[in-house]
Amino acid sequence: MLASALTGKKILLGVCGSIAAYKACDIVRNLRKLGAEVTVVVTSGGARFVSPLTFAALSAAKVYGGMFDEQDAHTIPHINLARDHDMILVAPATAQTIARFAVGMADDLLSAVVLAADCPVVVCPAMNSKMFTHPATQVNLTKIAAFGYHVVQPDSGLMACKEEGPGRLPEWSVILSAVEKVFTPQDLAGKRLLITAGPTEEPLDPVRYLSNRSSGKMGYALARAAMLRGGEVVLVSGPCNLEPPANVELIQVRTAQEMYGAVLSHFDDMDIVVKCAAVSDFRPARCAPEKLKKEGADVRLELAANRDILRALGERKKSQILVGFAAESENHLEEGKRKLAAKNLDMIVVNDIQGETTGFQSDTNKVTLVTRGGEIKELELLTKEQTAMAIFDEVVALVGGGM
Ligand code: C5P
């Protein structure tokens with residue numbers, strides 16, 4: 001198992017009496033897969049929906065429920081559970097339990113643990129949409145947010161009670177982002193970032209196009225890393241087969257010209273731009289309105305050059321930190337340094353695309369970071385998520401040095 005932000009973290013999962021309690025089983029499994037140790041505390045309502053036995057088997061640990069269970073009395077569970085964990089995740093959190101938190105009640109084990117804790121608390125409300133939107137619940141949520149608890153907004157949609165509206169427990173990817181954020185330094189808080197990702201497609205006719213092998217994985221990892229570090233992220237993505245990261249504004253484009261428009265229209269509002277997309281340098285000079293026929297076809301393809309988006313940003317930039325990528329198969333460093341200067345960048349990420357474990361489509365990467373000041377940092381082979389974090393370590397250092 002590769003190290004994750006959750007490796008070795010001790011997480012207390014509070015499960016309340018919502019129909020979404022069955023989803024907590026998967027939450028336990030997913031947290032453990034990422035290397036976390038999980039202790040489950042179920043409310044009496046939660047235990048009506050899912051047996052504590054299930055949680056004990058899935059967490060491979062004792063499950064806590066009653067405040068006054070005689071066999072635990074000597075361990076003072078509400079204090080020690082609060083003390084022994086790195087964070088508390090309450091998912092699903094019911095209106096009742098949120099109300100308890102909001103007024104500081106401690107009449108069951110979960111609310112007593114939360115009251116006694118000084119670790120981060122993440123609360124994922126899940127309930128009928130009328131209960132969720134009721135002013136009482138909204139006031140309670142505002143109150144617990146003011147205590148510093150992280151409240152994850154529920155999804156909207158059809159619920160078990162056949163009503164539609166906000167109140168569904170969000171997807172795991174959204175809960176995971178909230179959990180990882182707790183363990184991630186918020187050093188991009190207040191910064192606006194624009195990240196580009198993926199290939200572009202340059203149409204030749206309605207069914208054919210020129211493109212490249214970029215999967216978008218590196219760019220999506222960068223967008224997620226920036227969001228986890230507190231940044232406000234706009235992700236401009238070419239066609240990719242990836243799930244967009246939670247809490248990121250996604251703008252989907254197809255061609256280099258569309259990417260140019262999307263990037264340039266947002267550029268002035270940005271603090272940091274990372275251009276990871278593999279933009280097609282050329283497009284077919286003409287796009288046929290109908291599918292080209294084999295018979296009598298002109299077999300030569302006339303191309304037109306696309307504008308270099310990054311170069312345009314380099315010419316326009318004021319205070320922004322501008323980071324480019326250089327995917328190279330030879331003379332990596334020289335090419336990287338040349339592009340850094342030619343495009344007026346603050347940093348370039350030089351990427352070897354020859355190896356099987358680096359570059360296009362793989363889940364890992366091996367890059368060298370070259371900064372405007374001439375500093376060269378060779379990173380080891382890392383997952384694209386780890387590479388993204390290492391790139392932002394460097395970007396944060398550049399921001400610290402004045403933008
Ligand atoms: O010059 P080269 O295409 O190798 O430079 C790669 C860098 O330039 C990447 O950051 C890529 O996103 C960017 N680029 C661009 N517009 C293009 C071509 C490349 O922004 N038309």
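Every number here is computed from the coordinates shown, using simple stated rules; none is lab data. Keep in mind that what you see is a predicted model, and the values were worked out from it rather than measured. Neighbour counts are summed over all protein chains in view; Cβ atoms, including those assigned to glycine, are modelled from backbone coordinates with ideal geometry.
Could you give the distance between the Cα centres of the range 2-74 and the range 159-223, to the whole Å?
The range 2-74 and the range 159-223 have Cα centres separated by 28 Å.
Going toward the positive end of the dipole of the chain, with +1 on Lys and Arg Cβ and -1 on Asp and Glu Cβ, which of 177, 142, 159 do you reach last?
159
Using only C-alpha positions, report the orientation-averaged shadow area of the convex hull of the range 10-182, nm², one decimal. Walk me through the intermediate numbers first.
Numbers: hull surface 35.7 nm².
The directionally averaged projection comes out at 8.9 nm².
Could you give the length gained by full extension between residue 316 and residue 186, i.e. 0.36 nm per residue of separation minus their alpha carbon distance, to one decimal place? Could the numbers behind the result be given before it?
Working: separation 130, 0.36 × 130 = 46.80 nm, distance 2.84 nm.
Extending this stretch completely gives an extra 44.0 nm.
Residue 213 label point, 7 Å along Cα→Cβ, cut-off 12 Å on backbone N: hits in the range 331-366?
353-362
Rounded to the nearest 500, what is the chain's calculated 222 nm mean residue ellipticity when only DSSP H runs of at least 4 contribute -39500 (n - 2.57) each, over all residues?
Numbers: 14 runs with 139 residues, N = 403.
Theoretical 222 nm ellipticity from helices: -10000 deg cm²/dmol.
Among 120-133, 333-346, how do they line up by average Cβ neighbours within 10 Å per residue, starting with the highest? Could you put the intermediate results ahead of the total?
Working: 120-133: 21.3, 333-346: 18.1.
Per-residue mean Cβ counts within 10 Å order the peptides as 120-133, 333-346.
State which entries of 33/366; 10/33; 10/62 exceed 20 angstrom in Cα-Cα distance in the structure shown.
Those over the limit are 33/366.
Give the percent of DSSP beta bridges with both residues in the range 1-143 that are antiparallel, rounded to the nearest 5.
On the way: 0 of 15 bridges.
Restricted to the range 1-143, the bridges split so that about 0 percent are antiparallel.
Highest mean first, what order results for 303-314, 156-167 on Cβ atoms within 10 Å?
Numbers: 303-314: 17.6, 156-167: 13.8.
Averaged packing, sorted descending, gives the order 303-314, 156-167.
Please work out whether the range 269-403 counts as rounded, prolate or oblate from its C-alpha gyration tensor, where a ≥ b ≥ c are the square roots of the eigenvalues and a/c under 1.5 means rounded, while otherwise a/b larger than b/c means prolate and anything else oblate? Present the calculation step by step, with values, prior to reporting the outcome.
Details: a/c = 2.50, a/b = 1.67, b/c = 1.50.
Prolate.
How much of the DSSP bridge set in the range 326-403 is antiparallel, in percent, rounded to the nearest 5?
Numbers: 10 of 13 bridges.
Here the antiparallel bridges make up roughly 75 percent for the range 326-403.
Using DSSP, restrict attention to beta bridges with both residues in the chain and report what percent are antiparallel, rounded to the nearest 5. If you can, show how the numbers build up before the last one.
Working: 19 of 61 bridges.
Bridges in the chain are about 30 percent antiparallel.
Going 7 Å from the Cα of residue 293 in the Cα-to-Cβ direction, what parts of the range 188-209 have a backbone nitrogen less than 17 Å from that spot?
Inside the label zone: 205-207.
Note the full-extension length gain between residue 74 and residue 243 as 0.36 nm times their separation in residues minus their Cα-Cα distance, in nm to one decimal.
Values: separation 169, 0.36 × 169 = 60.84 nm, distance 4.73 nm.
Additional length available on full extension: 56.1 nm.
Using a 10 angstrom cutoff on alpha carbons, build the Gaussian network for the chain and name the most mobile of 207, 41, 234.
207
Per residue, what volume in Å³ does the convex hull of the Cα atoms of the chain enclose?
Numbers: hull volume 73.1 nm³, N = 403.
Here the figure is 181 Å³ per residue.
Give me the extension gain from residue 10 to residue 143: residue separation times 0.36 nm, minus the current Cα-Cα distance, reported in nm with one decimal. Write down the numbers at each step before the final one.
Numbers: separation 133, 0.36 × 133 = 47.88 nm, distance 2.60 nm.
Taking 0.36 nm per residue and subtracting the Cα distance, the gain is 45.3 nm.
Quick one: if the Förster radius is 56 Å, what FRET efficiency do residue 103 and residue 307 give, using the C-beta to C-beta distance and rounding to 0.05? Walk me through the numbers before you get to the answer.
Details: r = 59 Å, r/R0 = 1.05.
So, using R0 = 56 Å, E works out to roughly 0.40.
In percent, what relative contact order does the chain have, based on Cα pairs under 8 Å that are 6 or more apart in sequence? Write out the running numbers ahead of the final one.
Details: 848 pairs, mean separation 40.9, N = 403.
With pairs under 8 Å counted, the relative contact order is 10 percent.
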